[in-house]
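This report concerns only the one structure given below.
The values are calculated or read from the model by the stated rules, or taken from the named source; none is laboratory data. Computed from a predicted model, the values in this text were never measured in an experiment. Please note: Cβ atoms are built from the backbone with ideal geometry, for glycine as well, and neighbour counts cover all protein chains shown.
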């Protein structure tokens, strides 16, 4: 959500900057903007864009670490999570630096997020291809972790409840983050796929047509909207499923208690109907003892 919000913020700033120039500038040459003035907007956009697959890598690595460190992971502090956040930010910063290294700050472009026609255009599309490969790899790793945790059999002699709990916790967390990773990867993959398919045919379009197409791909902030929307829907569905399971558990408990009370009532009714009106049986030994005692008393 934070990454989607960051992307949305960059999109909105870029969008309003474009509209400001279109409304207030008079000359055509004033519509374009110099890359030196867009450095931070471009850097933040690429940084947030890189954090999406890096976040998936971090989540999978955390589950991998929890899988191989059963009974010890739950005792660890939040050092692993904090370390992964710093590593993600560092790697994203390094990628942005390498991608923007050949940037020409004296170059002009229609908007700050126009990458295709600038000097770093090839680097951007190489980044898109790398992201697609990484997202596919993370989905495969996620499925392998799920299968491994399901098939993993603990030693019969080992009665370590902590290991069993952590294995079940791994499966629960993987089932939660799985839909988020798949949905986000699908959105990013579709976005990058459209950009990659259009770039080879840019010479077949006029300059104005290509600007309109690029405007529709990079300028309109539908990417963060789709990321946020699908993430929200996925989390909402998961919460509804959990709520439904909780209600079913309560209903099963209530039904079980009702069945137990009903069985107890039926047992009491059956017992009273069968044995309640009969005289209690007297032991034969007591009867013979009383018989001989009476004979002895009469004889005396």
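A few remarks follow.
- When residue 103 is tested against (1) within 19 Å of the chain's Cα centre (by Cα); (2) in contact (Cβ under 8 Å) with a residue 60 or more places away in the chain, just one condition goes unmet, and that condition is (1).
- Residue 87 being under 29 Å from the mean Cα position of the chain (by Cα), under 19 Å from residue 191 (Cβ atoms) and part of a helix (DSSP H, G or I): no
- Residues within the range 115-157 that are modelled with pLDDT of 75 or more and in contact with a strand residue (DSSP E or B) (Cβ under 9 Å, 6 or more places away or on another chain), tallied: 2
- Restricting attention to the range 124-144 and to residues that are touching a residue at least 60 places away in the same chain (Cβ under 8 Å) and within 16 Å of the chain's Cα centre (by Cα), the residue that is nearest to residue 53 (Cα to Cα) turns out to be 135.
- Selection from the range 101-124 of residues that are outside any loop (DSSP other than H, G, I, E, B) and either on the phi > 0 side of the Ramachandran plot or in contact with a helix residue (DSSP H, G or I) (Cβ under 6 Å, 6 or more places away or on another chain) (or both): 123
- Evaluating residue 18 against the criteria (1) closer than 24 Å to residue 104 by Cα; (2) modelled with pLDDT under 75; (3) touching a helix residue (DSSP H, G or I) at 6+ places or on another chain (Cβ under 6 Å); (4) buried (at least 16 other Cβ atoms within 10 Å of the Cβ) leaves one unmet condition, (3).
- Members of the range 44-81 found to be exposed (fewer than 15 other Cβ atoms within 10 Å of the Cβ), modelled with pLDDT under 85 and part of a helix (DSSP H, G or I), listed by number: 68, 79, 81
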